[in-house]
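Asker: Mind looking over this structure? Questions follow.
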Amino acid sequence: MCIAAAVQWYAQGIVSQGKAAELAQLTRAEFLDELFRRQVPACQVTPDELADEIHGT
């Protein structure tokens, strides 16, 4: 249950990867594996946010 909640909260952008891993009582690597297994993107940056980051705005 803790893992499912942590994955959901991460997917919704409520918590960071590190915090979600902590809540799920997993290492970051284990949490990333869990995201992959559940087909949840590990990167939560939108294309617009990425473009802003690249262009320095």
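Only the coordinates and a few stated rules stand behind these numbers; no lab work does. Here the structure is a predicted model, which means the values were calculated and not measured.
Asker: Calculate for the chain the 222 nm mean residue ellipticity that helices alone would give, adding -39,500 (n - 2.57) per DSSP H run of length 4 or more and normalising by residue count, nearest 500 deg cm²/dmol.
Answerer: Roughly -18500 deg cm²/dmol at 222 nm, from the helical runs in the chain.
Asker: Computed from these coordinates, which is mean projected area of the Cα convex hull in nm²: (1) 4.9; (2) 5.2; (3) 4.2?
Answerer: (3)
Asker: Counting pairs of alpha carbon atoms under 8 Å apart in space and at least six apart in sequence, what relative contact order in percent does the chain give?
Answerer: Dividing the mean separation by the residue count of the chain yields 27 percent.
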